[in-house]
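A.B. asks: Provided herewith is a single structure, encoded as structure tokens, for subsequent inquiry.
The values are calculated or read from the model by the stated rules, or taken from the named source; none is laboratory data. Quantities reported herein were computed from a predicted structural model and do not represent experimental measurements. Every residue, glycine among them, receives a Cβ derived from its backbone with ideal geometry; neighbour counts consider all protein chains shown.
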Amino acid sequence: MPATAHPPVPPPPTTAAAPKWAAVINDQLFPMPRRRLKARDIVAQAGMPGRTLIRDYNQPVDIELAPDEEVDLGDGNVFRLIESCQHPLHAAPAGAVAKVAFVADDAWEVTIAMNQTTESLRGLFGLPDDAELLRDFESPRDELLRPGEAVRFVDGPVFRIRPAVITVIVNTEHTVEFHKRVVTGLEFKQTAMAQGVKIDEQFALYRILPDGSLSPAIDDDERVVLKCGDQFRCLASHDDS
């Protein structure tokens, strides 16, 4: 009796991991589930229903996006939200360039240059030369950027920074090393204390600005974005020197 023929077993489906996407809305970062989605869904992720989504351009124009309009974050992921009673433009003028935000370890930098290189991204984020950048995917597999590699915004703007040493100066004479680019004010003080800086958690933390003045005091839960060579003062709250 002839053997019964069986249909060939199809190969298991392959799923390519998608790059992560995010949008900067009203100067806040919001992860997005995919590159293309309705304007109303972007507004919902920002938690401000009833507002009108505006794509931010590098010139004084406001471009309204209708709630049902499909928005491609690859065309620009920097937005504002306005009251719906306002009346912005509905089409970008010729030559208008949308802003884009590259994101690394939950910090972002806004630019109009969609095409970067590994080195220019390091410069954009103020990273040391030995810092490794990985494009962040919706899976455990992230893609390491090689030296000199062309980096296109449309391929995904969200990255991770592989731990590298970021050295800052505290109270003029102490060098403190960090292995994260973004810390809280409290984490900053705790790291400095662990490396021998004579302060405590009750001290007030300040960033030294380019003109030599001090920033407003940094709260314990405030996010501090670090770059190599940054300088800080950490003083007892009663010490105004």
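A.B. asks: Examine the range 177-184 for a residue that is of a type outside the set (Ser, Thr, Tyr) and more than 21 Å from the chain's Cα centre (by Cα), and state whether such a residue exists. It would help to see each step written out before you state the result.
C.D. replies: Residues of the range 177-184 that are of a type outside the set (Ser, Thr, Tyr), as a first pass: 177-183.
Subset that is more than 21 Å from the chain's Cα centre (by Cα): 177.
The answer is yes; a qualifying residue exists.
A.B. asks: Can you name the residue in the range 178-195 that is surrounded by fewer than 15 Cβ atoms within 10 Å (Cβ to Cβ) and at pLDDT below 95 and is also farthest from ALA107 (Cα to Cα) among such residues?
C.D. replies: Per the stated criteria, the residue is HIS179.
A.B. asks: To continue, here is another question. Can you name the strands (runs of 3 or more DSSP E) wholly within the range 108-171 that have at least 3 residues being in contact (Cβ under 8 Å) with a residue 60 or more places away in the chain? Outline the logic, then answer.
C.D. replies: Details: elements: 115-117, 132-135, 150-152, 158-162, 166-170.
Result: 166-170.
A.B. asks: Something else now. Would you check which residues across the range 219-237 are without any contact (Cβ under 8 Å) to a residue 40 or more places away in the chain and acidic (Asp, Glu) and list them?
C.D. replies: ASP219, ASP220, ASP221, GLU222 - these are the residues of the range 219-237 that are without any contact (Cβ under 8 Å) to a residue 40 or more places away in the chain and acidic (Asp, Glu).
A.B. asks: If only one of VAL225, VAL183 is of a type in the set (Val, Ile, Thr) and out of contact with any Ser or Thr (no Cβ under 9 Å at 6 or more places or on another chain), which one is it? Reasoning before the result, please.
C.D. replies: Details: VAL183 fails: out of contact with any Ser or Thr (no Cβ under 9 Å at 6 or more places or on another chain).
Unique residue meeting the criteria: VAL225.
A.B. asks: Can you tell me which of (1) within 21 Å of TRP21 (Cα to Cα); (2) of a type in the set (S, T, N, Q); (3) surrounded by fewer than 16 Cβ atoms within 10 Å (Cβ to Cβ) is the one SER84 doesn't meet?
C.D. replies: Just one mismatch for SER84, condition (1).
A.B. asks: Here's a check for you: in the range 192-241, which residue that is out of contact with any strand residue (DSSP E or B) (no Cβ under 6 Å at 6 or more places or on another chain) and among the hydroxyl-bearing types (Ser, Thr, Tyr) is nearest to THR167 (Cα to Cα)?
C.D. replies: Going through the qualifying residues, I end up with SER213.
A.B. asks: Of (1) free of Cβ contacts under 8 Å to residues at least 24 places away in the same chain; (2) within 18 Å of ALA131 (Cα to Cα), THR175 satisfies all except one. Which?
C.D. replies: Condition (2) is where THR175 drops out.
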